[in-house]
């Protein structure tokens, strides 16, 4: 079979999916978001998928808006049999979804219908889920609302953060797509409508989402820290400056200190009291204007750390 396949994706998550797909089923075109300015010097930089496509010699298309008529017409001219997306970042219009004869399918990083939307990996940890996974689904006009073709689950462990889960789900997505694709190409796949009563939506992380609330239970604070690690990072304040926290543990023992108070300096860092009387042990931090460091080093350079109140940034 020599089906024409278009792949649409943008971030690091999508790169292994593209590479696995192209090795087994050559991709005719890659569509990715436009280059963006990066860093202090604002150097125009291609997104990871665009860079990967160029390295592999796959024709690349980077429209500003996929809904524009010119973009849809360009794709229509290619006459693709199938469109595959993985974290592309724009909602595809109906006119585009109707072009490929085999439809358009998406590699989504959750067990749909839970965590529809742009931040399913972050939100799975933030909300304390015990498992998540990959869903291969047909695309529809709504947000991640199409019929599910296949799913693969993975547990979320306490030593997971968004970074580790991201990499694991990317690998799972690559494998599941290759397992599922033959049935899509020959029309023998199943399709299961999503249960509307079980839908949850996981919007992109906002600046407000990054601020830690020490009055919450220790488990919630712990999930907040690892759910935003290594990006964009949860933060609190220390001595009036923003302190990002990238690593944490849940130690045993209670504390009668007020939420946000540093209660002890440990071998790994320091502990902070939370709203339920338990503590979170902070293990990796970055103070505004400084480099990321082990919380142990951070504590070692500051005498009398205990009793300090961590709170909102002024």
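With 18 Å as the cut-off, how large is the P(r) tail for segment 209-311, expressed as percent of Cα-Cα pairs?
37 percent
Would you work out the relative contact order for segment 208-300, in percent, from Cα pairs under 8 angstrom that are 6 or more residues apart?
This gives 27 percent for segment 208-300.
Would you mind pulling out the separation of the Cα centroids of segment 241-284 and segment 31-82, in Å?
First find each Cα centre; the distance between them is then 44 Å.
In nanometres, what is the gap between the two model label sites at residue 97 and residue 219, each 7 Å from Cα along Cα-to-Cβ?
3.7 nm
Expected output is a single nm value to one decimal: the length gained when fully extending between residue 208 and residue 256, i.e. 0.36 nm times separation in residues minus the C-alpha distance. What is it?
14.5 nm
If we count other beta carbons within 10 Å of each Cβ, what is the order of 13, 270, 61, 7, fewest first?
61, 13, 270, 7
Below 8 Å between Cα atoms, with a sequence gap of 6+, how large is the relative contact order for the chain in percent?
13 percent
Between residue 183 and residue 44, how high is the FRET efficiency from 1/(1 + (r/R0)^6) when r is the Cβ-Cβ distance and R₀ = 45 Å? Nearest 0.05.
Calculated value: 0.65.
With an 8 Å cut-off on Cα pairs and a minimum separation of 6 or more residues, tell me the relative contact order of segment 57-142 in percent.
Relative contact order for segment 57-142 comes out at 28 percent.
Return 271, 190 ranked ascending by Cβ neighbour count within 10 Å, so the fewest neighbours appear first.
The order, fewest Cβ neighbours first, is 190, 271.
Okay, helix-only estimate at 222 nm for the chain: each DSSP H run of n ≥ 4 adds -39500 (n - 2.57), divide by all residues, round to 500 deg cm²/dmol; what do you get?
-7500 deg cm²/dmol
Between residue 79 and residue 175, what's the calculated FRET efficiency when r is the beta-carbon distance and R0 is 30 Å? Round to 0.05.
0.55
Could you list 41, 19 in order of exposure, starting from the residue whose Cβ has the fewest other Cβ atoms within 10 Å?
41, 19
Multiply the residue gap between residue 56 and residue 303 by 0.36 nm, knock off their C-alpha separation, and tell me the result in nm, one decimal place.
Taking residue 56 through residue 303 to full extension adds about 83.5 nm, to one decimal.
Efficiency by 1/(1 + (r/R0)^6): what FRET value for residue 159 and residue 288, r their Cβ-Cβ distance, R0 = 25 Å, to the nearest 0.05?
Calculated transfer efficiency: 0.35.
Would you please classify the overall shape of segment 1-115 from the alpha carbon gyration tensor, given that a ≥ b ≥ c denote the square roots of the eigenvalues, rounded means a/c under 1.5, and beyond that prolate means a/b larger than b/c while oblate covers the rest?
rounded
On a C-alpha basis, how far is the centre of segment 158-178 from the centre of segment 84-122 in Å? Whole number, if you could?
If we compute the Cα centre of each part, the gap is 17 Å.
The chain: Rg/Rh from Cα coordinates, Kirkwood Rh?
A ratio of 1.05.
Pop a pseudo-label 7 angstrom from the Cα along the beta-carbon direction at both residue 195 and residue 68 and give the gap in nm to one decimal.
Between residue 195 and residue 68, the label points sit 4.3 nm apart.
Values in this text are rule-based calculations from the coordinates and carry no lab data. This is a predicted model, so every value here is computed, not measured. All Cβ positions, glycine included, derive from the backbone under ideal geometry; neighbour counts span all protein chains shown.
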